[in-house]
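Peer 1: My questions all concern the structure below.
The values are calculated or read from the model by the stated rules, or taken from the named source; none is laboratory data. Please read all numbers here as calculations on a predicted model, not as lab measurements. Here the Cβ positions follow ideal geometry from the backbone for every residue, glycine too, while neighbour counts run over all protein chains shown. Accessible surface areas use protein heavy atoms only, side chains included; no ligands, DNA or RNA. Shrake-Rupley method; radii C 1.70, N 1.55, O 1.52, S 1.80 Å.
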Amino acid sequence: MKIRRIDVLVIGAGASGLTSAIKLAEMGYEVSVVERENTLGGILNQCIHSGFGLHYFNEELTGPEFADRLIGLLPDALYLAPNATVDRLIDDENGLGALVFSPESGITRYSSRAIVLAMGCRERNRGNIHIPGSRPSGVYTAGLAQRLVNIEGYIPGKDVVIVGSGDIGLIMARRMSWVGAKVHCVVEIQPYPSGLTRNIVQCLNDFNIPLHLSHVVTKINGNDRVQSVEISPVSREKERGPGSFTVECDTLLLSVGLVPENELTRKFGIAMNHETSGPKVDSRLMTSKPGVFACGNVLHVHDLVDYACEEAERCAKGVDEFLRGVAPETGGPVVSGANVRYVVPGAYNPGSDNRFYLRPMIVKNKSRLSVRAGEVEIYGKNLPHVQPSEMVEATLSKDALKACSGQTLEVRIE
Amino acid sequence: MKRNMTCIACPLGCSLTVEYSEGLDDVTVTGNRCAKGEVYAREEILAPKRTVTATVSLTAGELSRLPVRTDRALEKELIADLLTELYRIEVSAPVAPGDRVLTDFRGTGVNVIATRRCGSRSDE
Ligand SMILES: Cc1cc2nc3c(=O)[nH]c(=O)nc-3n(C[C@H](O)[C@H](O)[C@H](O)COP(=O)(O)OP(=O)(O)OC[C@H]3O[C@@H](n4cnc5c(N)ncnc54)[C@H](O)[C@@H]3O)c2cc1C
Ligand code: SF4
């Protein structure tokens with residue numbers, strides 16, 4: 001078996017993996033990026049719509065353009081292994097590393113002083129939301145349909161119903177309309193849409209696609225292919241009561257959420273955070289296993305690529321400190337309080353400014369973000385509008401953190 | 001007359017209120033957090049426009065579809081025609097982001113450009 005010794009192994013060549021690799025290579029480390037697809041850019045390649053890069057490149061780009069910009073920044077010295085899958089992480093007499101399989105070069109044992117996990121996320125599917133009925137073909141996750149249409153060039157169906165009003169579902173409603181399919185409706189279990197208002201306007205209203213809030217698909221009919229779906233208001237979910245209706249369609253797209261891709265992480269025994277489904281990390285974004293870091297969608301699901309890239313840069317800084325043997329100052333834990341699903345990272349370092357990303361649990365106008373040490377508010381900001389699908393960012397200054405060092409910080413939205 | 005709308009020019013999605021006279025010569029926009037919002041609201045009343053993204057057929061490349069976009073927003077009622085035209089186009093690799101696949105569509109000044117890089121199959 002071949003052995004490859006390097007400073008840092010980056011797993012995944014999406015926006016996060018590429019960004020951290022670029023930064024680490026710029027700092028002079030020998031870096032390898034391993035990617036299981038034969039192209040670089042990850043999920044960005046299938047997101048052909050625009051809406052990327054407003055913060056990171058100060059320009060509104062499509063997904064592939066954003067990926068191309070990042071790829072253009074890759075230094076020559078960086079070693080890229082596309083078409084190579086990390087099978088498992090290891091820690092043995094050869095040190096920390098991973099086993100990598102590739103059709104071209106067989107099995108390679110990477111041995112590195114640090115690892116950056118950047119494997120992204122995957123979609124929840126039908127099994128995760130329990131829709132009863134038959135099992136015909138024509139049921140796809142929205143992201144898979146997006147890949148089929150935008151990369152492979154296949155159109156999965158002509159009469160479409162979409163479950164879930166998150167941004168991916170909305171973007172696919174427009175995409176399917178533009179390729180000539182009829183999108184009959186979008187069904188959303190919550191009483192409010194979960195995607196951005198701009199996407200409701202330009203992806204649904206522009207095409208007169210109805211959005212059924214507080215509704216669920218209660219049954220899928222069809223033997224070989226989907227023939228129709230039954231839709232009911234949430235309160236009468238159990239029996240097919242008044243208000244229920246049937247829509248004839250040949251395709252059902254599920255846009256019901258994303259989950260960080262952490263098989264490798266779990267198998268390696270890294271401690272997980274149940275709120276994010278990603279690993280637990282300290283203020284440098286290091287997991288419970290010394291030398292193993294995480295950033296981007298594998299850590300928690302990001303709605304903006306710009307934030308994923310910012311986090312990846314921060315992760316590279318953490319790796320650099322670790323490799324130089326600089327220990328972070330440990331301030332204390334950061335926990336989620338009222339109306340906050342999670343906050344990442346779950347610890348702070350009073351030695352510098354710290355940035356946190358958090359996910360609200362409520363929909364509210366004119367709310368306020370408050371970070372407290374005991375009863376004292378050490379940071380606060382007004383938020384014109386919060387909703388669970390929009391991540392909130394908070395940057396706490398070194399001085400504010402110094403003043404409360406040692407205490408637990410609680411983040412809440414009120 | 002008065003119309004409420006959501007600005008779609010950036011993810012902030014400001015709620016705009018547009019007041020305008022019958023002949024559309026007097027339009028006032030409120031609720032926008034930046035100048036783009038005002039432009040958007042005026043256009044939305046006069047002639048709504050959208051940026052269009054799609055894919056076109058690609059030959060001789062490592063990929064079979066090439067993603068493309070309009071380089072500026074196009075009048076909404078011309079979108080269907082543009083898409084019909086795009087589905088007829090065939091581009092041959094190599095191609096780079098920014099390369100034009102369609103120039104000055106129907107005299108609107110709107111061009112369609114490639115958004116992904118793709119080498120030719122023989123480049124490998
Ligand atoms: C459908 C969709 C639409 C979006 N729309 C927008 C938008 O309009 N605007 C915006 O700003 N953001 C948007 N986002 C969010 C943003 O694009 C993502 O958050 C960001 O691109 C994620 O980057 P990543 O590197 O963390 O993950 P990914 O891009 O998923 O990259 C992970 C990479 O790791 C590889 N990998 C996984 N496991 C292994 C393994 N074992 N071995 C080797 N390689 C592996 C994968 O193949 C993949 O290439 C969207 C996201 C999705 C999913
Ligand atoms: S008005 Fe400006 S800030 Fe508000 S949504 Fe439009 S572009 Fe964005």
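Peer 1: Give the Cα extents of the stretch B:2-47 along the principal axes, in whole Å, largest first.
Peer 2: Extents along the principal axes, in whole Å: 31, 16, 14.
Peer 1: Just the number, please: percent antiparallel of the DSSP beta bridges in the protein assembly as shown, rounded to the nearest 5.
Peer 2: 65
Peer 1: Residue by residue through the stretch A:221-226, which ³J(HN,Hα) values in whole Hz follow from phi under the Karplus form 6.51 cos²θ - 1.76 cosθ + 1.60 (θ = phi - 60°), with glycine and proline marked x?
Peer 2: Going residue by residue, I get 10, x, 9, 7, 10, 4 Hz, with x marking Gly and Pro.
Peer 1: Once each part is reduced to its C-alpha centroid, what is the distance from the stretch A:100-156 to the stretch B:1-69 in angstrom?
Peer 2: Taking the Cα centre of the stretch B:1-69 as reference, the centre of the stretch A:100-156 is 33 Å away.
Peer 1: Could you tell me which residue out of A:H300, A:M361, A:L264 lies farthest along the dipole of chain A toward its positive end? Charges go on the beta carbon: Lys and Arg +1, Asp and Glu -1, centred on the Cα centre.
Peer 2: The residue sitting farthest along the positive end of the dipole is A:M361.
Peer 1: Over the heavy atoms of A:S244, what accessible area does a 1.4 Å probe trace out, to the nearest 10 Å²?
Peer 2: Rounded to the nearest 10, the figure is 30 Å².
Peer 1: So what is the calculated 222 nm ellipticity per residue for chain A, using -39500 (n - 2.57) for each DSSP H run with n of 4 or more, over all residues, to the nearest 500 deg cm²/dmol? Kindly include the intermediate steps, with their values, before the conclusion.
Peer 2: Values: 8 runs with 75 residues, N = 414.
Taken over chain A, the calculation gives -5000 deg cm²/dmol.
Peer 1: Shifting gears a bit: Using only Cα positions of the stretch A:350-394, each an equal point scatterer, no hydration layer, compute I(q)/I(0) via Debye at q = 0.13, 0.21, 0.24, 0.29 Å⁻¹ and quote the log10 values to two decimals.
Peer 2: -0.32, -0.77, -0.93, -1.13
Peer 1: Counting only protein heavy atoms and using a 1.4 Å probe, what share of the accessible area of chain A belongs to carbon plus sulfur, as a whole percent? Walk me through the intermediate numbers first.
Peer 2: Details: 8380 of 17100 Å².
The value for chain A is 49 percent carbon and sulfur by accessible area.
Peer 1: How much of the DSSP beta bridge set in the stretch B:53-123 is antiparallel, as a percent to the nearest 5? Show your work: numbers first, answer last.
Peer 2: Values: 12 of 15 bridges.
DSSP beta bridges in the stretch B:53-123 are roughly 80 percent antiparallel.
Peer 1: For a quick check: with amide H placed at 1.01 Å from N, whose amide H comes under 5 Å from B:K49's, ignoring anything fewer than 5 positions away on the same chain?
Peer 2: Result for B:K49 returns B:K76.
Peer 1: Additional query: Work out the mean other chain Cβ neighbour count within 10 Å for the residues of B:6-14 and drop it here as an integer.
Peer 2: Numbers: counts 7, 3, 10, 2, 4, 12, 6, 7, 3.
What the average comes to for B:6-14 is 6.
Peer 1: Per-residue accessible area for B:E85 at 1.4 Å probe radius, Å² rounded to 10?
Peer 2: Using a 1.4 Å probe on the heavy atoms, I get roughly 60 Å².
Peer 1: Got a sec? What order do A:T330, A:T265 fall in by accessible area at 1.4 Å, biggest, i.e. largest, first?
Peer 2: On the way: A:T330 125, A:T265 0 Å².
Result of the area sort, largest leading: A:T330, A:T265.
Peer 1: Something else about it: In whole Å, what are the Cα extents of the stretch A:125-256 along the three principal axes, biggest one first?
Peer 2: That gives 40, 35, 24 Å along the principal axes, largest extent first.
Peer 1: If one computes the Cα centroid of the stretch A:1-69 and of the stretch A:339-382, what distance in Å separates the two points?
Peer 2: Comparing the Cα centres of the stretch A:1-69 and the stretch A:339-382, I get a distance of 29 Å.
Peer 1: P(r) for the stretch A:26-179: what percent of alpha-carbon pairs falls in each 5 Å bin, starting at zero?
Peer 2: The distribution over the stretch A:26-179 is 2, 7, 13, 15, 16, 15, 12, 10, 6, 3, 1, 0, given as percents.
Peer 1: Next question. What translational diffusion coefficient, in µm²/s and rounded to a whole number, does the Stokes-Einstein relation yield for the stretch A:329-414 at 20 °C and a viscosity of 1.002 mPa s, taking the hydrodynamic radius as the Kirkwood radius over Cα pairs?
Peer 2: 169
Peer 1: Same structure again: Which whole-number value in Å³ per residue fits the convex hull of the alpha carbons of chain B? Write down the numbers at each step before the final one.
Peer 2: Numbers: hull volume 14.4 nm³, N = 124.
Spread over its residues, the Cα hull of chain B gives 116 Å³ apiece.
Peer 1: Further question: So for the protein assembly as shown, what percent of the C-alpha to C-alpha distances run longer than 33 Å? Each step should come with its number before you reach the end.
Peer 2: Working: 67487 of 144453 pairs.
That fraction is 47 percent.
Peer 1: Arrange the residues A:I189, A:I162 by how much accessible surface each exposes, largest first, with a 1.4 angstrom probe. All intermediate terms of the calculation are to be shown ahead of the outcome.
Peer 2: Working: A:I189 95, A:I162 0 Å².
The ranking, largest first, comes out as A:I189, A:I162.
Peer 1: Also, quick follow-up: In square nanometres and to one decimal, what's the mean projected area of the convex hull around the Cα atoms of the stretch A:190-294?
Peer 2: If you wrap the Cα atoms of the stretch A:190-294 in a convex hull and average its projections, you get 10.8 nm².
Peer 1: Sticking with this one: Once amide H atoms are placed 1.01 Å from N in the peptide plane, what residues at a sequence separation of 5 or more from B:L102, or on another chain, have their amide H within under 5 Å of its amide H?
Peer 2: B:V112
Peer 1: State, to one decimal in nm², a quarter of the convex hull surface area for the C-alpha atoms of the stretch A:15-92, i.e. the direction-averaged projected area.
Peer 2: Values: hull surface 24.4 nm².
Mean projected area of the Cα convex hull: 6.1 nm².
Peer 1: Hey, another quick one. Measure nothing fancy, just the Cα-based angle from helix A:15-26's long axis to the longest principal axis of chain A, in degrees from 0 to 90, nearest 10.
Peer 2: The answer is roughly 20 degrees.
Peer 1: On to the next question. Can you give the average number of partner chain beta-carbon atoms within 10 Å of each beta-carbon in peptide A:56-67, as a whole number? Write down the numbers at each step before the final one.
Peer 2: Working: counts 0, 0, 0, 0, 4, 3, 8, 4, 11, 9, 1, 4.
Mean shielding by partner chains, rounded to a whole number: 4.
Peer 1: Another question about this same structure. Straight-line reach from A:K402: which lysines have a Cα under 30 Å away, not including same-chain ones fewer than 8 places off?
Peer 2: A:K402 reaches A:K23, A:K280, A:K289, A:K317, A:K366, A:K381.
Peer 1: Can you tell me the dipole magnitude for the stretch B:53-123 around its Cα centre, using point charges on the Cβ only (Lys, Arg +1; Asp, Glu -1), in Debye to the nearest 20? Working shown, then result.
Peer 2: Details: 10 positive and 10 negative charges, 36 e Å.
My answer is approximately 180 debye.
Peer 1: So if I take the centroid of the Cα atoms in the stretch B:95-120 and the same for the stretch A:293-328, what is the distance between those two points in Å?
Peer 2: 35
Peer 1: Follow-up question, since we're still on this one. Just checking the output field for A:174-181: average partner chain Cβ neighbours within 10 Å of each residue's Cβ? All intermediate terms of the calculation are to be shown ahead of the outcome.
Peer 2: Numbers: counts 3, 3, 0, 1, 9, 4, 4, 0.
Rounded to a whole number, the mean comes out at 3.
Peer 1: Rounded to the nearest 10 Å², what accessible area does B:T103 have for a 1.4 Å probe in the complete protein model?
Peer 2: So the heavy atoms of B:T103 present about 80 Å² to solvent.
Peer 1: Order the following by accessible area, largest value first: A:F245, A:F293. Probe radius 1.4 Å; ligands, DNA and RNA are ignored.
Peer 2: Numbers: A:F245 60, A:F293 0 Å².
I get A:F245, A:F293, largest accessible area first.
Peer 1: Hey, what do the phi angles of the stretch A:141-158 turn into as Karplus ³J(HN,Hα) couplings, whole Hz, using 6.51/-1.76/1.60 and θ = phi - 60°, x for Gly and Pro?
Peer 2: For the stretch A:141-158, the Karplus-derived couplings read 6, 5, x, 5, 4, 4, 5, 4, 6, 7, 10, 7, x, 9, 9, x, x, 10 Hz, x marking Gly and Pro.
Peer 1: If you don't mind, there's one more thing I want to ask. What do the square roots of 5 times the Cα gyration tensor eigenvalues come to for the stretch B:53-123, in whole Å, largest first, as semi-axes of the equivalent ellipsoid? Numbers along the way, then the final one.
Peer 2: Numbers: eigenvalues 106, 26, 15 Å².
Those come to 23, 11, 9 Å.
Peer 1: Name the most mobile residue of B:L82, B:L46, B:L16, meaning the one with the largest mean-square fluctuation, in a Gaussian network model of chain B with Cα contacts below 10 Å.
Peer 2: Taking springs between Cα atoms under 10 Å, the residue moving most is B:L46.
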